[in-house]
Amino acid sequence: MESAFSPPPGLIVIAAILAALFAAVLPTCLYLYVEPRGRLQWAAAGDSVATRRAPGLVRATAWLSFLVGQLAVPWLLVPAACAALVYLQTKLGAGRPIGLAVTVTLGFAALVQSLLALRLVPLGVRLLSRDPRTLTRAGASARAHGLVSAVILGGCMALGWAIATVPSFVHPWLRVVLVWAALRPVMAYAALCLLHACLLGRCTRALAGEVDVK
């Protein structure tokens with residue numbers, strides 16, 4: 001049933017590329033506005049105005065912070081969709097305990113992702129501005145975000161396996177809607193957040209090493 005209602009693979013690829021390009025517009029504009037204004041904080045002996053800027057790892061982490069953080073508010077649509085699915089299951093009399101539990105779990109995971117992403121935009125600004133307080137806070141933030149994202153990603157992979165291999169796990173129509181409206185988006189966002197946490201951790205260690213050297 002899922003394959004019958006799934007869009008063609010080519011359409012999925014095109015939609016993913018267009019969505020990625022659209023999602024990169026705002027983070028890039030914000031980066032281009034903030035990054036030149038923070039270059040003075042990265043001044044070093046022998047540099048020039050043209051070469052003065054944050055290290056590439058810091059700039060990449062800041063841009064990814066803007067990308068992930070911009071989705072914090074619109075990502076609340078995923079928990080809202082899961083709440084609507086719970087209502088439909090109970091209203092139509094198709095609510096199975098496992099199906100309801102899976103729907104609520106995915107909605108809760110998306111809500112946690114949204115809450116964690118709320119502070120990533122100001123974090124990116126502080127990274128580019130070389131805020132000294134960021135060095136002490138970013139490490140703990142990277143570990144917490146990485147752990148939560150890894151748990152969400154692993155749990156979603158387990159749920160996806162169960163939904164795909166056990167036909168009676170959830171109702172057939174719910175399987176299709178959950179996969180496309182919640183499961184795959186939450187997995188993709190968790191993978192993106194995990195990548196950001198890894199970069200933030202490396203960025204923090206690199207800055208700590210720089211401070212130790214100085």
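We did not get these values from a lab; they are worked out from the coordinates using the rules stated. Quick caveat: nothing in here was measured; it's all calculated off a predicted structure. Using ideal geometry, Cβ is built from the backbone for each residue, glycine included, and neighbour counts are taken over all protein chains shown.
Observations on the structure shown:
- Over the chain - Rg/Rh using Cα atoms and the Kirkwood inverse-distance radius: 1.08
- Efficiency of FRET between Asp47 and Ala206 - r from beta-carbon atoms, R0 25 angstrom, step 0.05: 0.90
- Packing-based ranking of 55-61, 182-188 yields 182-188, 55-61, ordered from highest to lowest mean Cβ neighbour count within 10 Å.
- Acute angle (nearest 10 degrees) that the helix 132-165 long axis makes with the longest principal axis of the chain, alpha-carbon atoms: 20 degrees
- Working note: 222 nm ellipticity from helices only, DSSP H runs with n ≥ 4, each -39,500 (n - 2.57), summed and divided by the residues of the chain, gives -24500 deg cm²/dmol to the nearest 500.
- Nearest-0.05 FRET efficiency for Val73 and Val104, computed from C-beta distance (R0 25 Å): 0.70
- Between helix 184-213 and the chain there is an angle of about 20 degrees, using the helix long axis and the longest principal axis of the Cα atoms.
- Relative to the longest principal axis of the Cα atoms of the chain, helix 97-117 runs at roughly 10 degrees.
- The range 99-119 and the range 142-214 have Cα centres separated by 11 Å.
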